[in-house]
């Protein structure tokens with residue numbers, strides 16, 4: 001007995017043998033012309049079913065795969081299959097396993113379904129952990145994390161500052177950057193030996209951004225440059241209603257970089273702002289507390305938007321354009337994530353947060 005589909009295939013072959021064109025055969029049989037083309041020159045008209053059964057992994061193999069792959073940094077599918085294939089157990093039984101079989105098993109597990117990328121974070125010393133916990137407890141006690149009107153006002157008047165390099169023609173990450181092409185030359189990217197890089201400094205609040213300072217070529221941010229060129233930009237924010245809405249609740253933040261710890265710098269900050277998070281208050285190794293780190297990522301990503309900058313001047317123009325286009329909604333969402341960061345740091349007893 002033939003199925004209805006197999007009878008149609010037989011009919012296709014008979015009509016084609018009579019010399020009818022494919023379009024006419026397709027019309028008479030009621031199928032697509034591609035189906036006619038597929039079956040007209042085939043000697044058989046029965047469907048070939050795959051009768052090969054897939055081998056199931058034994059509990060012992062699953063256990064060994066878990067031991068080689070679960071929570072192992074740098075573990076790969078191919079390494080795992082090779083370790084198993086070269087083991088005495090597999091050799092003695094003339095048994096092999098492919099990396100695809102390993103991958104299919106991992107997809108059925110909760111821990112192996114997704115291969116997570118490593119997220120490097122600063123290594124915290126005991127002092128860092130203690131300082132982070134102390135800072136988190138203090139700002140929580142002072143009301144910066146409250147969801148009340150006063151808490152929101154305190155957060156909205158924090159001036160968060162930092163410096164960061166922005167690089168043009170940075171080396172692409174070979175693990176993330178892929179191109180599918182038959183032309184191998186397209187997989188080669190020209191990178192200058194000394195990529196163009198600029199150093200920028202700026203500050204943000206929940207309302208707006210300060211001016212962006214771009215270091216001239218060859219200049220580094222030392223104590224003198226910071227005090228004479230960058231700090232005045234920050235101090236002027238106290239009188240800028242677009243940045244600081246309430247002077248009495250204004251808070252200045254900076255990390256403990258060498259140029260920030262000069263006594264004259266600290267004195268100027270404390271005489272201008274009623275509250276300050278400087279050395280001794282702001283904890284070291286805490287980029288996850290400072291939401292401006294997200295802004296630096298946005299500026300770096302903007303470099304790769306087309307048209308890509310080709311010169312230092314174009315790079316500076318692109319970065320400044322992106323900096324001043326940051327919306328109030330975006331800045332506000334970053335600043336008001338501060339309580340969650342502090343709460344998680346307290347729960348982790350001063351350890352890293354997920355931010």
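Bear in mind that the values in this text are calculations on the coordinates, not laboratory data. Because the structure is predicted, anything quoted here is derived from the model rather than measured. Cβ placement follows ideal geometry from the backbone for every residue including glycine, while neighbour counts extend to all protein chains displayed.
A few notes on this one:
- Note: segment 59-106, Cα convex hull, 67 Å³ per residue.
- Under a Gaussian network description of the chain, with springs only between Cα atoms under 10 Å, the residue in 24, 329, 343 that fluctuates furthest is 24.
- Theoretical gain in end-to-end length, residue 109 to residue 188 [0.36 nm per residue, Cα-Cα removed]: 24.8 nm
- Estimated [θ] at 222 nm from DSSP helical runs (n ≥ 4, -39500 (n - 2.57)) normalised by residues in the chain, nearest 500: -11500 deg cm²/dmol
- Extension gain for the segment residue 141 to residue 220, taken as residue separation times 0.36 nm less the Cα-Cα distance, is 24.7 nm to one decimal.
- Treating each Cα of the chain as an identical point scatterer and summing with the Debye formula, the log10 of I(q)/I(0) at q = 0.11, 0.13 Å⁻¹ comes to -0.91, -1.09.
- Approximating the spin labels as points 7 Å out from Cα along Cα→Cβ, the residue 308-to-residue 270 distance works out to 4.9 nm.
- Point-to-point label distance, residue 227-residue 119, nm (Cα→Cβ direction, 7 Å offset): 3.9
- Divide the volume of the convex hull around the Cα atoms of segment 130-169 by the residue count and you get 122 Å³ per residue.
- Potential extension, residue 99-residue 66 segment - 0.36 nm per residue separation minus Cα distance: 10.5 nm
- Rounded if a/c under 1.5, otherwise prolate or oblate - segment 1-153, Cα gyration tensor axes: oblate
- A Gaussian network model of the chain, with springs between Cα atoms under 10 Å, assigns the largest mean-square fluctuation among 65, 230, 204 to 65.
- With all pairs of separate Cα atoms included, segment 207-327 yields a Kirkwood hydrodynamic radius of 16.0 Å.
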